[in-house]
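Have a look at the structure below before the remarks.
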Amino acid sequence: RVRKNIRRKKISKRMSDYVPHLTEHLDLFAGHNYASLFDSALKLIHSYHKKYPIKYLGWLDNWIIEFFPLLASYYNDAHFIVIFRDVRSSIASTLNRPDVINAPSTISFLRCWRKQIAFASMIKESVLFKNRISFIKYESLVTNPEKETKRLCNELNIEFSEKMLDTSQFSGLGKDKNDWTPNSNFKVPNRGIYKNSINRWQETLDEKMIKLIEYIAGPELQYLGYKISNPDYSKPDWETYNIILHENKKSSGWKTHNNDAALDFSFEIFRHECLDNDSLDDDLIKRFFL
């Protein structure tokens, strides 16, 4: 009972940052395993929205694509959406946050982003997800919002409405539920769909950081159709290593690396070697890719 109360308090605190209006229904969140907990979470969401004829209930989160196969197996009529964004833009935004000291290390962020691309590639070929998954590029969405939204509506089998593009109709997060504002670490318009964020990374990231990002995530960027600015992106250099070393010492945000700059840098070097030599050795792939 004590653990349950502690867990409930932590969940309530987290919800207060995003969906405080749902906390009053938190008693509905209960279960003896993950499946029943997910079921109860959906009931909790529905308890607030049940007065509307809603076809889909769901949630948005980062770095959870590896759970998609489990969720797809359990929820037979679920539809999944993956949103890609040029990771250089994502890093530029992260490095511009007010508490940048608490930002994740760049190599950790990039490796999580890479993992998302790898899982997306695998899932795209899976029979389990046939007609059940949609892929969206952020840049395409903000450049052609009506076209991309209509495509998604078609894949979800729901009717398109112009209100979907009217940001005055959007709901905000947290206590400002009725006042939507853009989620950006840069100064942006308070209303409307803007696209000036697409290439902002070219102006805000220095050459060394761009080189680091493209060295670690270049193959995945190209796989998604993004252009690489450095033609020699696959060649390692000391500037790249020094950024990893510096962040390893200074960053207090979340990390997924080995806490050893030399070791992490060597993993990336061997990863490129595997790619350049088209390695099919399972042990090497597991070691340097997973």
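A few comments on the model shown:
- Residue 117 open to solvent by 60 Å² or more (accessible area, probe 1.4 Å), aliphatic (A, V, I, L, M) and touching a helix residue (DSSP H, G or I) at 6+ places or on another chain (Cβ under 8 Å): no
- Helices (runs of 4 or more DSSP H) wholly inside region 1-112 that include at least 1 residues being over 30 Å from residue 196 (Cβ atoms) and open to solvent by less than 70 Å² (accessible area, probe 1.4 Å): 2-18, 34-49, 68-74
- Residues that are polar (S, T, N, Q) and either in contact (Cβ under 8 Å) with a residue 12 or more places away in the chain or within 26 Å of residue 226 (Cβ to Cβ) (or both) were ranked within region 158-190; the one that is least open to solvent (accessible area, probe 1.4 Å) is 167.
- Put simply, of 133, 213 the only residue that is modelled with pLDDT of 95 or more and in contact with a Lys or Arg (Cβ under 6 Å, 6 or more places away or on another chain) is 213.
- Test result for residue 213, closer than 23 Å to residue 269 by Cα and open to solvent by less than 40 Å² (accessible area, probe 1.4 Å): yes
- Which numbered condition residue 172 misses (of (1) in a loop (DSSP other than H, G, I, E, B); (2) under 20 Å from the mean Cα position of the chain (by Cα); (3) under 16 Å from residue 268 (Cα atoms)): (3)
- Residues located in region 39-83, provided they are over 20 Å from the mean Cα position of the chain (by Cα) and under 26 Å from residue 121 (Cα atoms): 56, 73, 74, 75, 76, 77
- When region 216-236 is limited to residues that are modelled with pLDDT of 95 or more, in contact with a Phe, Trp or Tyr (Cβ under 8 Å, 6 or more places away or on another chain) and of a type outside the set (A, V, I, L, M, F, W, C), the one that is most open to solvent (accessible area, probe 1.4 Å) turns out to be 220.
- Positions within region 237-250 being open to solvent by 80 Å² or more (accessible area, probe 1.4 Å) and closer than 14 Å to residue 104 by Cβ, in sequence order: 250
- Selection of region 251-290 for residues being over 17 Å from residue 110 (Cβ atoms) and open to solvent by 100 Å² or more (accessible area, probe 1.4 Å) yields 276, 277, 278, 280, 282, 283, 286, 287.
- Applying the set (1) part of a loop (DSSP other than H, G, I, E, B); (2) closer than 17 Å to residue 109 by Cβ to residue 178 leaves exactly one unmet item: (2).
- Residue 146 being in a helix (DSSP H, G or I), within 30 Å of residue 247 (Cα to Cα), touching a helix residue (DSSP H, G or I) at 6+ places or on another chain (Cβ under 9 Å) and of a type outside the set (Phe, Trp, Tyr): no
- Search result, residues across region 1-13 that are more than 19 Å from residue 47 (Cα to Cα) and modelled with pLDDT of 85 or more: 9, 10, 13
- Filter result (in a loop (DSSP other than H, G, I, E, B) and exposed (fewer than 11 other Cβ atoms within 10 Å of the Cβ)) within region 191-209: 196, 206
- For residue 153: the one exception among (1) closer than 30 Å to residue 108 by Cβ; (2) surrounded by 12 or more Cβ atoms within 10 Å (Cβ to Cβ); (3) modelled with pLDDT of 95 or more: (1)
The values are calculated or read from the model by the stated rules, or taken from the named source; none is laboratory data. Here the structure is a predicted model, which is why all the values come from computation and not from measurement. Every residue, glycine as well, gets a Cβ built from its backbone with ideal geometry; the counts of neighbours run over all protein chains shown. Quick note on the areas: whole protein, heavy atoms, side chains included, nothing else; ligands and nucleic acids left out. Shrake-Rupley method; radii C 1.70, N 1.55, O 1.52, S 1.80 Å.
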